[in-house]
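Okay, structure first, notes after.
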Amino acid sequence: MQYLLASHNRGKCREYAQLLSSCGGEVLLPQDIGITLEPEENGSSFEENSFIKAESYFRATGMASIADDSGLVVDALNGAPGIYSARFGAPECRTDEDRWRKLLLDLENVPDPERTARFVCAITCILPDKTVLSAYGVCEGRILFSPRGEDGFGYDPIFLVPELGKSFAELEPSVKNQISHRARAFQEFYNKLLAYQEEHNAL
């Protein structure tokens, strides 16, 4: 089955393609099929925003549409950047690096024990028969004092996974795809998708 991912991020697309390959899914981005839709993410939670995006693309195309809303929740910043992670510091901050550098500056005087944070991901998938599958995942960690690693995207270079002693940007993709917030949400989504396929004899 083809899945339309409600994102323009090639890095995110590669992650989903890896995760869905085991069930024969092909992941497309809107630009791959000439869609320029930009739904307004005006929800008050990760779950609401993921549903808004998935529903918008489903209504426009009728394709199985997947959306996630994910972000970084930092305790010392009262949960910021949260649902505004992708536009944190706008309009001055325009790139991933701009955003994580602003975050480091905001945490400049916060000691290591108080730099607790978590990546959160909410996934919504709307299938062609209008069935809605939803899932949620969390990965706990801490914010580093400086970036580490060359892989990943977004806030990955400054997010430390304490039990591994590495930032998200230092992890091999195969490792990240086992422990990340998106991977954990995806596992729940994947289990629901398999149950749906079994129930509908769609394997």
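The values are calculated or read from the model by the stated rules, or taken from the named source; none is laboratory data. Every value quoted in this text rests on a predicted model; they were computed, and no experiment measured them. Neighbour counts are summed over all protein chains in view; Cβ atoms, including those assigned to glycine, are modelled from backbone coordinates with ideal geometry.
Some notes on this structure:
- Listed conditions (1) over 22 Å from Leu193 (Cβ atoms); (2) small (Gly, Ala, Ser); (3) surrounded by 15 or more Cβ atoms within 10 Å (Cβ to Cβ) are all met by Ser45, apart from (3).
- When the test is whether a residue is farther than 28 Å from Thr131 by Cβ and either of a type in the set (S, T, N, Q) or crowded, with 19+ Cβ neighbours inside 10 Å (or both), Phe168 passes it.
- Residue satisfying all of: in the stretch 134-166; of a type outside the set (A, V, I, L, M) and in contact with a Phe, Trp or Tyr (Cβ under 6 Å, 6 or more places away or on another chain); farthest from Gly11 (Cα to Cα) among these: Gly141
Condition check ((1) over 18 Å from the mean Cα position of the chain (by Cα); (2) farther than 26 Å from Arg184 by Cβ; (3) among the small types (Gly, Ala, Ser)) across all residues:
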| residue | (1), (2), (3) |
| --- | --- |
| Phe58 | yes, no, no |
| Asp68 | no, no, no |
| Gly79 | no, no, yes |
| Asp106 | yes, yes, no |
| Ile123 | no, no, no |
| Thr131 | yes, no, no |
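- Being assigned to a loop (DSSP other than H, G, I, E, B) and among the aliphatic types (A, V, I, L, M) is a property that holds for Leu164.
- Subset of the stretch 69-116 that is of a type in the set (Phe, Trp, Tyr) and closer than 29 Å to Glu55 by Cβ - its residue that is surrounded by the most Cβ atoms within 10 Å (Cβ to Cβ): Phe88
- Residues in the stretch 149-202 that are of a type in the set (Ser, Thr, Tyr) and in contact (Cβ under 8 Å) with a residue 12 or more places away in the chain: Tyr155, Ser167, Ser180, Tyr190, Tyr196.
- Selection status of Val175, more than 18 Å from Ala80 (Cβ to Cβ) and among the β-branched types (Val, Ile, Thr): yes
- Boolean, Thr36 is of a type in the set (Val, Ile, Thr) and modelled with pLDDT of 95 or more: no
- Of the residues in the stretch 47-55, at least one is aliphatic (A, V, I, L, M) and touching a strand residue (DSSP E or B) at 6+ places or on another chain (Cβ under 9 Å).
- Candidate set from the stretch 178-194 (those that are over 30 Å from Gly149 (Cα atoms) and modelled with pLDDT of 90 or more); member that is surrounded by the most Cβ atoms within 10 Å (Cβ to Cβ): Lys192
- Sole exception among (1) aliphatic (A, V, I, L, M); (2) assigned to a helix (DSSP H, G or I); (3) within 19 Å of Ser70 (Cβ to Cβ) for Ala117, by number: (2)
- Residues in the stretch 18-77 that are without any contact (Cβ under 8 Å) to a residue 12 or more places away in the chain, under 15 Å from Thr124 (Cα atoms) and not in a helix (DSSP H, G or I): there are none.
- Qualifying residue in the stretch 146-158 (condition: surrounded by 19 or more Cβ atoms within 10 Å (Cβ to Cβ), aliphatic (A, V, I, L, M) and touching a Leu at 6+ places or on another chain (Cβ under 6 Å)): yes
- Candidates Val175, Val138 - the one that is at pLDDT 90 or above, touching a Lys or Arg at 6+ places or on another chain (Cβ under 9 Å), of a type in the set (Val, Ile, Thr) and not in a helix (DSSP H, G or I): Val138
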